[in-house]
Amino acid sequence: MKCLVTGGNVKVLGKAVHSLSRIGDELYLEPLEDGLSLRTVNSSRSAYACFLFAPLFFQQYQAATSGQEALRCKILMKSFLAVFRSLATVEKTVEKCCISLNGRSSCLVVQLHCKYGVRKTHNLSFQDCESLQAVFDPALCPHVLRAPARVLGEAVLPFPPALAEVTLGIGCGRRVILRSYQEEEADSTVKAMVTEMSIGEEDFQQLQAQEGVAITFCLKEFRGLLSFAESANLSLSVHFDAPGRPAIFAVKDSLLDGHFVLATLSESDLHSPALCSPELHRLAPPLQAHSTPHLDDFASDDIDSYMIAMETTADSEGSRAVPSIPLSPGLRPPCSPGPFSEDHEAEPSTEPGTPPPKKFRSLFFGSILAPVHSPPGPSPVLAEDSEGEG
Amino acid sequence: MKFRAKIVDAACLNHFTRVSTMIAKLAKTCTLRISPEKLNFVLSDRVASGGENFFSEFQMEGISAENNAIYLDLTAENLSRALKTAQNARALKIKLTNKHFPCLTVSIELLSVSSSSRVVTHDIPVKVIPRKLWKDLQEPTIPDSDVSIYLPVLKTMKSIVEKMKNISNHLIMEANLSGELNLKIETELVCITTHFKDLGNPPPASEDASQERPPEQMAEVHVDIRKLLQFLAGQQVNPTRAVCNLVSNKIVHFDLLHEDVSLQYFIPALS
């Protein structure tokens, strides 16, 4: 494989790597027919990110030397990020970036041709790996919203940088609501501040969702894609389904596309009140879990064949598989725990015997989880402003 | 118990934000005292700050007609953070609400390029303070001071005190009625004194007091340097008026006026 990136695209590539570094610790590099793909997944398998750079993005793009199979590799995110550590420096000094991988060498070579004849060569050791695949299809998500990255950037501004999760949904009057999500804590003596941002429909290029739908996902991971989209001045689209099913965040332009697939909190774990304030909309119906009639079918399937494990691929061609199976089921227990059943937790509980307060399911990797016993949370209380005794 | 207020003027909003940021720098939790005419921030009965003319609308109803006030405890940083998002706000509303727990809801309407406005709402959890604890949070009585003097530029004072902090925690503040203020630290190895001259003294409260005291005589108070520094660090803008009142060996009282916000800060003497 050999690719040559020149000019402003070097910074774009660097920015993409920065975004990916917010998600996982290992970068999967795969040269494909339709471009160079950079993918990563987080340790708990609840977030997957991938960027695909079309051949036109490069001044020179050679996926595989003739006669040889395209090579794939997995490198430490830290090492690759170090090449593009300071984006400001990259922008100012780097004229060309050449990434090459040949079967004989044991290193991925990244060479930066900088100003004044300076050439920086990075030899990054890699591991052979199988293709990292994720099962997702934006077209299958019933709800979509799309806005310029700037609008979404401004929308997340009021939230503290440390905030872990946020709920995104449609409120009354077709307004898009972003609300900080707080976990219920056992000793909730010190309550946290709740921030809510409400944006009118007009700020969105596309809004295809009914009032009352909402999903809760990790804001920190989302910020990774958002900062990329803002710097590239692209529109960001969010494709989502019922709570518990993964949400797909996508950016696209003629030379690249990026997808971040993040797990969302399932219905049973949601503690936040409904998004419609009862002042205007008395008793907005709590979010209904969509019954998944095909759930039983999957449960009885052979777990092994259903699983799309991390390191194996059925299709060795390597093109990103457009899955024929729809988004995996997941939220409703009981599912028979199979040999691969694992609890993928965003934050593993340290106390044995206490079920963790929430679980992000790694649905799109097809893992089947053991039945969850969520702690009996309070029934969703609708926010009511009472000016009575405080 | 009810409280509702609104700010529409950008300058007032800015000012209110600055006051809350200053409070956030001074203490972690603060108490809000809401009375019919004004809003006071109280910090562990050492500081009280009053602000009146920020609000275009102000409605409140205390616990009862006789005790027409509301006392709320909140994390100062929350209020400061909430107000920071009001940089380009069209209007700001604050009201006391009960959403699962008592909150001060700050609702900010932002200017937006498109026709629709954007609204940011912050629910700051508060704790209502029962009436029996109100007496600890009253405005402190200002004691008769031995010496009253105008302060030098606070930024200068802050940089000097910051350097002194590295040497000793024990600072001696002394001033006299001739406009001289000294900041001293004394250790085994070294003594450092910074002299400020020609500061001027505010006119005395009563005639007798000024005549009794010789102008050269210094009134001195030993204080913890960290408390002084905490106060100085919170001052981002130079106040309209800054007076320091010293009661020998008892207390240092800072009386600042930022346009229409008054800030009183008391530092007791080290025993």
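Throughout, read-outs are computed from the coordinates displayed, never taken from laboratory work. Just so we're clear, the structure is a prediction, and the values are computed from it rather than from any experiment. Positions of Cβ are generated from backbone atoms using ideal geometry, with glycine treated the same way; all protein chains shown enter the neighbour counts.
Here the dipole of the stretch A:1-112 is about 320 debye; that uses its Cα centre as origin and unit charges on the Cβ of Lys and Arg (positive) and Asp and Glu (negative).
Past the 29 Å Cα-Cα mark, which pairs from B:LYS28/B:LYS197; B:LYS84/B:LYS135; A:LYS252/B:LYS99; A:LYS220/B:LYS99; B:LYS84/B:LYS197?
Numbers: B:LYS28/B:LYS197 35 Å; B:LYS84/B:LYS135 32 Å; A:LYS252/B:LYS99 40 Å; A:LYS220/B:LYS99 26 Å; B:LYS84/B:LYS197 38 Å.
In this structure, B:LYS28/B:LYS197; B:LYS84/B:LYS135; A:LYS252/B:LYS99; B:LYS84/B:LYS197 exceed 29 Å between Cα atoms.
Between B:LYS84 and B:LYS250, the distance separating the two model label sites (each 7 Å from Cα on the Cα→Cβ line) works out to 4.0 nm.
So if we plug the beta-carbon distance of B:LYS28 and B:ASN169 into 1/(1 + (r/R0)^6) with R0 = 25 Å, what FRET efficiency do we get, rounded to 0.05? Provide the component values of the computation, followed by the final result.
Working: r = 21 Å, r/R0 = 0.83.
Efficiency for this residue pair is about 0.75.
In this simple spin-label approximation, B:SER116 and B:THR187 carry label points 7 Å from Cα along the Cα→Cβ vector, and these lie 6.2 nm apart. Sites listed here are trypsin sites (Lys or Arg not before Pro) in the stretch B:142-248 whose DSSP assignment is loop and whose Cβ has at most 14 other Cβ atoms within 10 Å: B:LYS197. Computed 3J(HN,Hα) for the stretch A:220-234, one whole-Hz value per residue from the Karplus formula 6.51 cos²θ - 1.76 cosθ + 1.60 where θ = phi - 60°, is 4, 6, 5, 4, x, 6, 4, 5, 5, 5, 5, 5, 8, 6, 9, glycine and proline marked x.
Based on the alpha-carbon set only, what is the convex hull volume of chain B divided per residue, in Å³?
156 Å³
The three principal axes of the C-alpha atoms in the stretch B:173-271 carry coordinate ranges of 43, 35, 26 Å, sorted with the longest axis first.
If you average over every viewing direction, what projected area does the convex hull of the Cα atoms of the stretch A:59-125 give, in nm²? Numbers along the way, then the final one.
Working: hull surface 20.7 nm².
So the Cα hull casts an average projection of 5.2 nm².
Which order results if A:TYR28, A:TYR181 are arranged by neighbouring Cβ count within 10 Å, fewest first?
Result, fewest neighbours first: A:TYR181, A:TYR28.
Pairs from the table (A:LYS78/B:LYS158; A:LYS191/B:LYS250; B:LYS6/B:LYS132; A:LYS92/B:LYS155; B:LYS25/B:LYS184) lying more than 32 angstrom apart at Cα are A:LYS78/B:LYS158; A:LYS191/B:LYS250; A:LYS92/B:LYS155. Note on the stretch B:82-158: Rg/Rh from Cα positions, Kirkwood definition for Rh, rounded to two decimals, is 1.20. Once the C-beta distance of B:SER35 and A:ALA139 is scaled by a Förster radius of 45 Å, the resulting FRET efficiency is 0.15 to the nearest 0.05.
Applying the Karplus relation 6.51 cos²θ - 1.76 cosθ + 1.60 with θ = phi - 60° to the stretch A:94-109 yields 3J(HN,Hα) values of 8, 9, 9, 10, 10, 10, 9, 9, 10, x, 6, 6, 9, 10, 8, 9 Hz, where x marks Gly and Pro.
Using Stokes-Einstein with the Kirkwood hydrodynamic radius over Cα pairs, what translational diffusion coefficient do you get for the stretch A:1-73 at 20 °C and a viscosity of 1.002 mPa s, in µm²/s rounded to a whole number? Walk me through the numbers before you get to the answer.
Numbers: Rh = 12.9 Å.
Taking Rh from Cα pairs, D becomes 166 µm²/s.
Counting only GluC sites (Glu not before Pro) that sit in a DSSP loop (anything but H, G, I, E, B) with at most 10 other Cβ atoms within 10 Å, what is the longest stretch of chain B containing none of them? Write down the numbers at each step before the final one.
On the way: sites that count: B:GLU37, B:GLU66, B:GLU188, B:GLU216.
Result for the longest clean stretch: B:67-187.
Phi angles of the stretch B:234-248 translate, via the Karplus equation with coefficients 6.51, -1.76, 1.60 and θ = phi - 60°, into HN-Hα couplings of x, 8, 8, 10, 5, x, 5, 8, 9, 10, 10, 10, 10, 10, 3 Hz per residue; Gly and Pro are given as x. Between A:TYR181 and A:GLU165, A:VAL166, A:THR167, the built amide H atoms are under 5 Å apart, and every one of these is 5 or more places off in sequence or on another chain. Dividing the mean sequence gap of close Cα pairs (under 8 Å, 6+ apart) by how many residues the stretch A:2-128 holds gives a relative contact order of 28 percent.
Placing dummy labels 7 Å off each Cα toward the beta-carbon, the span from B:LYS132 to A:GLU69 is 7.9 nm. Put simply, the amide H of A:CYS114, placed in the peptide plane, has neighbours under 5 Å in A:GLU95, A:ARG119, A:LYS120, leaving out anything fewer than 5 places away on its chain.
Run a plain Debye calculation on the stretch A:1-124 (Cα atoms as equal point scatterers, no solvent) and give log10 I(q)/I(0) at q = 0.11, 0.12, 0.15, 0.17 Å⁻¹, rounded to two decimals, same order as the q list. The Debye formula, applied to the Cα set alone, gives -0.35, -0.41, -0.66, -0.85.
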